[in-house]
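Shown next, in structure tokens, is the structure this report addresses.
The values are calculated or read from the model by the stated rules, or taken from the named source; none is laboratory data. In this text, all values refer to a predicted model and were calculated from it rather than measured experimentally. A quick note on method: Cβ atoms are made from the backbone with ideal geometry, for glycine too, and the neighbour counts reach across all protein chains shown.
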Amino acid sequence: MAPTIKEIAKLAGVSIATVSRALANDPKVTPSTKSKIDSIARKINYQPNLMAINFVKKTSNLIGLILPHLYDEFYSDIIKGVEKYAQGSGYYTLVTSSADEDSLSDSIANFTSGGLSAGFIIMLTSENDEIVEQLRHSNTPFVVISDKSLSREFNSVTINNYEASLKLCKHVFSKKKYASIKYISGPKSNIDSQMRKDGFKDACKEFSIAIKKKDIIEGDFTFESGERICKEIFSEEKIPELILTGNDMMALGCIKVINKNKLKLGEDIFIAGIDGIILGQMISPRLTTMKIQTELIGTNAVKMLLDQMKVNSHKHRNSNVVTELLKGNTI
């Protein structure tokens, strides 16, 4: 069982309140008492309860981070970027996932009430009037991570998903004329997915490529959906020469099926994704993709949040994350 404040109080011969104040660096605690309490805490390897400290100090050293999911490298890299910079600035990160509107609303409420967090970062993947209104009334500083279309009124770090997809598809289409093409998108409700799909469609128009409705299939950004959809595609009479996916995880799911069917990537069939996750660069052949600087998204978001907290300013600022083409061997 983890050591508690109660144990420290008993060993130091002081009240629990005194221990709480000492651990929170309250100047009312005498230097000798604080030194004694700190020494005992180190000796029994006590880990402070952050909420208790926040209560005593009437402030918080917690930063909230609300993401749609926590299940793949894209999100883990954002967390890494936030945590690394936050820790260096004396803050801890409390991460939660909110995939639906109700849980998202609850997460915002938790971070904006009771002084739990000093500020929070939220990734929005759909335009929701109720959530936007809730954010407008927040007295707690926050930064939004979103597609460019959602960055109109809040401090935000944006990813231009449309431009990233357009650039990737133009690179792919400039390589050769493909006999047939399939596009696997993310969920319809996801704004990032929609922008990436729009980039694909506009690139097709620019290169006079006719795409039928059945050639665009909805996935959910997971490895499993890429694998499942690719199996369905391969069950058709004609296997496409090119598969483009709305993110790298779905591309990797497709590659599993392609390898199982003993087709040569970059020769028999071509594939490309978006995100630039490390897994796509570790396989052979390397995945052609558009890299999103995901760790930098987290770093820029927490930098912006800490600046906002420091000056107590709600001035609208925006940071754009640069994308980079990774020329792999699957195209």
**Request:** Six or more apart or on different chains, Cβ under 9 Å: which pairs go from a residue in the stretch 21-35 that's within 17 Å of L11 (Cα to Cα) to one that's in a loop (DSSP other than H, G, I, E, B) and among the hydroxyl-bearing types (S, T, Y)? Could you list them?
**Result:** L23/Y46
**Fill in**
When (1) in a helix (DSSP H, G or I); (2) in contact with a strand residue (DSSP E or B) (Cβ under 6 Å, 6 or more places away or on another chain); (3) among the small types (G, A, S); (4) touching a residue at least 60 places away in the same chain (Cβ under 8 Å) are applied to G298, the one that fails is (2)
**Prompt:** Any idea how many residues of the stretch 10-29 are among the aliphatic types (A, V, I, L, M), surrounded by fewer than 19 Cβ atoms within 10 Å (Cβ to Cβ) and closer than 17 Å to R42 by Cβ?
**Reply:** 4
**Prompt:** Can you find even one residue in the stretch 313-330 that is part of a helix (DSSP H, G or I) and hydrophobic (A, V, I, L, M, F, W, C)?
**Reply:** no
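Does the stretch 105-112 contain any residue that is of a type in the set (F, W, Y), out of contact with any helix residue (DSSP H, G or I) (no Cβ under 6 Å at 6 or more places or on another chain) and in a helix (DSSP H, G or I)?
For the stretch 105-112, residues of a type in the set (F, W, Y), out of contact with any helix residue (DSSP H, G or I) (no Cβ under 6 Å at 6 or more places or on another chain) and in a helix (DSSP H, G or I): present.
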**Message:** So, Y91, is that one of a type in the set (S, T, Y) and either touching a Gly at 6+ places or on another chain (Cβ under 7 Å) or at pLDDT 85 or above (or both) or not?
**Reply:** yes
**Complete:** If we keep only residues of the stretch 266-321 that are closer than 24 Å to T140 by Cα and basic (K, R), then the residue surrounded by the fewest Cβ atoms within 10 Å (Cβ to Cβ) is K315
**Asked** Restricting to helices (runs of 4 or more DSSP H) lying wholly in the stretch 1-70: which have 3 or more residues that are modelled with pLDDT of 85 or more and not basic (K, R)?
**Response** 5-12, 31-43
**Prompt:** Is one or more of the residues making up the stretch 179-198 modelled with pLDDT of 95 or more, hydroxyl-bearing (S, T, Y) and more than 26 Å from I66 (Cα to Cα)?
**Reply:** yes
**Request:** Could you run through the stretch 113-144 and say how many residues are modelled with pLDDT of 85 or more, part of a loop (DSSP other than H, G, I, E, B) and aliphatic (A, V, I, L, M)?
**Result:** 2
**Prompt:** Counting just the residues of the stretch 213-243 that are touching a Lys or Arg at 6+ places or on another chain (Cβ under 7 Å), touching a residue at least 40 places away in the same chain (Cβ under 8 Å) and among the aliphatic types (A, V, I, L, M), which one comes out surrounded by the fewest Cβ atoms within 10 Å (Cβ to Cβ)?
**Reply:** I233
**Prompt:** Mind checking whether some residue in the stretch 142-150 is touching a residue at least 40 places away in the same chain (Cβ under 8 Å), under 30 Å from V302 (Cα atoms) and in contact with a Phe, Trp or Tyr (Cβ under 7 Å, 6 or more places away or on another chain)?
**Reply:** yes
